[in-house]
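The structure appears right after this line, and notes come after that.
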């Protein structure tokens, strides 16, 4: 984990205790909820509570409608303000989920992900017709640590995939429906309360934006490519301006690569406003042997 935060938000220190206390209270009262007609002993023997929890977990894991709704609300906001020409959901027919069209014909393709510390983060393909390719992380788990999520997603997973599979990703958005809520308070709003935007009746904070290398890092021919500037990626620039993300808030992600004996190694450096937030050590990409 980085010594300096690469994302401003963090897990609430008291949230684990709040969850523990609530879960204990829920288990204690479980037999009184619903119309099953069972007393406490029969309820506990039936396994009904465990079955209900497993069903809820399955529904939560399977649904993507909440994530898509947040992205669609954002894209509708941008379209209604004349900042993009139009957008369309293409997840039913393509690997990625949304396509954003601009007046000059430029195309941004967006792939929605959940929490970045899962294996699904490794699965993406840059569309051949994309002028810009953005990954958007929406973590629906309020108990997930945002700093672990960002670190694991960018250095451990995305940087390795970009190098090993030579799939260019232009940028990453970490921003979802829990940002700025009681479960995940946003330091940006705590410091500057007026930086919120009214999105579908909710006050949302500025998004966290990460700018990746312009070209594919290559140990022999391109070991230290320069990251994009915020002004270079049309969709990210528009998003930042519309939702009060300051230029200096955007984090540049530099991915360096080298050969070390039989391994390809990469090192990830995070900077903002010309200040280094953190730099990883050299890490081997085992799968690239």
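Every read-out reported here was derived from the displayed coordinates using simple, explicitly stated rules and does not represent laboratory data. Because the structure is predicted, anything quoted here is derived from the model rather than measured. Here Cβ is always computed from backbone atoms with ideal geometry, including for glycine, and neighbour counts include all displayed protein chains.
How much length would be gained if the chain were fully extended between residue 203 and residue 40, taking 0.36 nm per residue of separation minus their Cα-Cα distance, in nm to one decimal?
Working it through step by step, the gained length comes to 54.4 nm.
Using a simple spin-label model with points 7 Å from Cα along the Cα→Cβ vector, what separation in nm is obtained for residue 284 and residue 56?
4.4
Distance from the Cα centre of the range 18-35 to that of the range 250-289, in angstrom?
Using only Cα atoms to place each centre, the spacing works out to 45 Å.
So what is Rg over Rh here for the range 147-187, counting just Cα atoms and using Kirkwood for Rh?
For the range 147-187, the value is 1.11.
With a 10 Å Cβ neighbour count serving as the proxy for reagent exposure, in which order, fewest first, do 23, 46 appear?
With the sparsest Cβ surroundings first, the list reads 23, 46.
What percentages make up the Cα-Cα pair-distance distribution of the chain when the bins are 5 Å wide from 0?
The percentages, shortest bin first, are 1, 5, 11, 14, 17, 15, 12, 9, 6, 4, 3, 2, 1, 0, 0.
Could you check the spin-label model distance between residue 107 and residue 125? Points 7 Å from the Cα along Cα→Cβ, value in nm.
Between residue 107 and residue 125, the simple spin-label model gives 1.4 nm.
Tell me the relative contact order for the range 78-210 as a rounded percent, counting alpha carbon contacts under 8 Å between residues six or more apart.
17
How would the range 11-130 be classified by its alpha-carbon gyration tensor: rounded, prolate or oblate, with rounded meaning a/c under 1.5 and the a/b versus b/c comparison settling the rest?
prolate
Neighbour counts of other C-beta atoms within 10 Å: give me 177, 259 arranged from fewest to most.
Ascending number of Cβ neighbours within 10 Å: 259, 177.
Grab every C-alpha pair in the range 154-228, bin the distances at 5 angstrom width from 0 up to the longest one, and report whole percents.
3, 14, 19, 17, 10, 11, 12, 9, 4, 1, 0
Take 148, 86 and order them by how many other Cβ atoms sit within 10 Å, fewest up front. All intermediate terms of the calculation are to be shown ahead of the outcome.
On the way: 148 17, 86 11.
Starting with the residue having the fewest Cβ neighbours, the order is 86, 148.
How many nm is it between the label spots at residue 95 and residue 258, if each spot is 7 Å from the Cα in line with the beta carbon?
Distance between the two pseudo-spin positions: 3.1 nm.
If the label point is 7 Å along Cα→Cβ of residue 48, which residues in the range 6-31 have backbone nitrogen under 11 Å from it?
30-31
Counting residues in the range 16-60 as N, plug N into 2.2 N^0.38 Å and put the Cα Rg over that result.
Computed over Cα atoms of the range 16-60, the ratio equals 1.23.
Grab the DSSP H runs of the chain that are 4 residues or longer, score each as -39,500 (n - 2.57), total them, divide by all residues and round the 222 nm result to the nearest 500 deg cm²/dmol.
-8000 deg cm²/dmol
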